[in-house]
Amino acid sequence: MPSLPRDVPDRILVERAIDGDAVAFGELLRRHSSLVRAYVYRIVGSMADTDDVVQDAFVTAWKQLPTLRDPAAFRSWLMRIAGREALAVATRRSKEDPLDESILPASLQAQPERAAIQNDRLAALSRALDRLKEDQRRCWLLREVAELSYAEIAEEMTMTESTVRGVLARARASIAIEMEGWR
């Protein structure tokens, strides 16, 4: 399969993908799949569900690509699709379902003490996020994990930018209190 230069802007790749260029769409997915996977995992909490949601989001993106108004906004558009898919799965799944543990990178596996500390820190952050109100958690994830702008979050959550700023401020304050012991 032919490859594309890595410096081709998303906008160009989107335009080519809309014209049916699967290689261009594949490059878009390669560029953004790690971010999408991290974002989706944080919402669904399971590697198996993450794989399914990411795959569904990519299929939806391919099908809906011609509806994208601004090709330069592909990343935020893809994140919104993935977020909607993930939230649908998370709301359907029972609260009693156990969370899958992610596999540690080899470098951390070789250092058990460091890995244990990192796992405890991540578990504390996960608990802090779980204690947030749904709108606060979703805003925080869209900003900190998906790296969306305040305007993009406002559009996604159908609220004003000033409301987004307030919700994020409350979320960050709650997380800071919860994570105080890890500073």
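Pairing residues of the range 147-165 that are over 21 Å from ARG42 (Cβ atoms) with residues that are among the small types (Gly, Ala, Ser) and assigned to a helix (DSSP H, G or I), at Cβ distances under 9 Å and at least 6 apart in sequence or on separate chains, gives THR160/ALA154; GLU161/ALA151; GLU161/ALA154; SER162/ALA154; THR163/ALA154.
How many residues does the range 21-31 hold that are of a type outside the set (A, V, I, L, M, F, W, C), under 18 Å from ALA57 (Cα atoms) and surrounded by fewer than 19 Cβ atoms within 10 Å (Cβ to Cβ)?
Filtering the range 21-31 for residues of a type outside the set (A, V, I, L, M, F, W, C) gives 21, 26-27, 30-31.
Pick out the ones that are also under 18 Å from ALA57 (Cα atoms) and you get 26-27, 30-31.
Narrowing the set further to residues that are surrounded by fewer than 19 Cβ atoms within 10 Å (Cβ to Cβ) leaves 26, 30-31.
Qualifying residue count for the region: 3.
Among the residues here, GLU156 does not qualify as acidic (Asp, Glu), touching a helix residue (DSSP H, G or I) at 6+ places or on another chain (Cβ under 8 Å) and under 22 Å from LEU122 (Cα atoms).
Here, each number is a calculation from the coordinates, and none is a lab measurement. What you see is a predicted model, and the numbers here were worked out from it, not measured in a lab. Neighbour counts are summed over all protein chains in view; Cβ atoms, including those assigned to glycine, are modelled from backbone coordinates with ideal geometry.
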